[in-house]
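Trainee: Below are the structure tokens for one structure; questions will follow.
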Amino acid sequence: MLTRARAFSTQALKVVNNVARQQFVITLRTAEAILSYEEKGKVITLIHTDVPAEFQGKGVGKLLGQHAFDYALRQKLDVICKCHFLAKFYQDNIKNYKSLNVKLDLD
């Protein structure tokens, strides 16, 4: 009997801001996808995004990026972006975040 593999959807995923770890986190079955950040005063530095290999290319990283930039908007934070993935996300979605002060620092 053949069964169809269930399609993966990000719609049911929940992003949690773990302030103590300074990470936005999505729990995925037995793993976590994380976006590490550092928040000081009115500046948030987006450091790194890590999505388990089996979930890459399925929108999980984009969901983390959207949550981080939306958080910066709500909190009226300046953004320093050190992550290449998030820099691309920002550039692809710049119209949604044009009121943010964003600096790309991709050394």
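The values are calculated or read from the model by the stated rules, or taken from the named source; none is laboratory data. Computed from a predicted structure; not experimentally measured. Side chains are part of the model used for accessible areas, which takes the heavy atoms of the whole protein and leaves out ligands, DNA and RNA. Shrake-Rupley method; radii C 1.70, N 1.55, O 1.52, S 1.80 Å.
Trainee: Can you tell me which of Leu86, Leu73, Leu35 moves the most in a GNM of the chain? Springs connect C-alpha atoms under 10 Å apart.
Mentor: Leu73
Trainee: Percent of accessible area on the chain owned by carbon and sulfur, 1.4 Å probe? Can you show the working numbers first?
Mentor: Working: 3550 of 7160 Å².
It is 50 percent, rounded to a whole number.
Trainee: Tell me the angle of helix 60-75 to the major Cα principal axis of the chain, expressed in degrees between 0 and 90 and rounded to the nearest ten.
Mentor: Around 30 degrees separate the two axes.
Trainee: Please find, in a Gaussian network model of the chain (springs between Cα atoms separated by less than 10 Å), the residue of Ala72, Ala20, Ala87 whose mean-square fluctuation is greatest.
Mentor: Ala20
Trainee: Over all directions, the average projected area of the alpha-carbon convex hull for the chain comes to how many nm²?
Mentor: Working: hull surface 31.8 nm².
Its average projected convex-hull area is 7.9 nm².
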